[in-house]
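In what follows, a structure is listed as structure tokens, so that the remarks can point back to it.
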Amino acid sequence: MAELDTSGGGKKGGGKVRSKKASTRVDLTAMVDLAFLLITFFMLTTTLAKPQAMDLAMPDKDEKIKDQKPVPASRTMTVLLGSKDKLEYFVGEPGKVPPTATDYGKNGIRKALLDNYQRVKQQSGGKEMIVIIKPSDKSNYKNMVDILDELKIANLQIYAIGDILPNEIDLLKRDGLY
């Protein structure tokens, strides 16, 4: 609130008549209260950005796999994550089919996933393609997230994350991606 101080100051009595000087003093208590109320209101009513996460279900290590049926190698596409944001993929068994080196993105692994998906679906009589992701020691976390994003964009539902084999590491070394 604004207060107006009208006290004259000085002595009373005779002498020169001076005009009284009015001093003003603004009380900011109400404004500070309002500021804290507004801060509290906005803190309680705003929502913080929630992180977006993809659900990934991993099987238990102790669980025995009893009902597992063998899958033909012609239906599997193996993706080997290498270094320098590069990867290799092949459809079939390692050693029998030469791997193809590519990168992440629309014209790289996404195009390969979509093309191989269509080819496998035609050859297998409408059955889905299975993608096996095998990260190497030289790949980083970003590469794993990128390949999972590409699988989601390509709408491939069946994929697995596995351990890379020594002969697959040799393939990466041969092409300079390890």
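The table below gives the values:
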item	result
Distance (nanometres) between label positions extended 7 Å along Cα→Cβ at Asp33 and Gln52	4.5
Distance histogram for the stretch 73-174 (every C-alpha pair counted, 5 angstrom bins, percent rounded to whole numbers)	2, 13, 27, 27, 19, 9, 2, 0
Separation of the Asp103 and Lys127 label points, Cα + 7 Å toward Cβ, nm	3.6
Over 31 Å between alpha carbons, listed pairs Lys69/Lys106; Lys127/Lys173; Lys50/Lys121; Lys121/Lys142; Lys69/Lys96; Lys111/Lys138	Lys69/Lys106; Lys127/Lys173; Lys50/Lys121
Extension gain from Asp137 to Asp115, taking 0.36 nm per residue of separation minus the Cα-Cα distance	5.1 nm
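We did not get these values from a lab; they are worked out from the coordinates using the rules stated. Just so it is clear, the model here is predicted, and its values are computed rather than measured. All Cβ positions, even for glycine, are placed from backbone atoms using ideal geometry, and neighbour counts span all protein chains on display.
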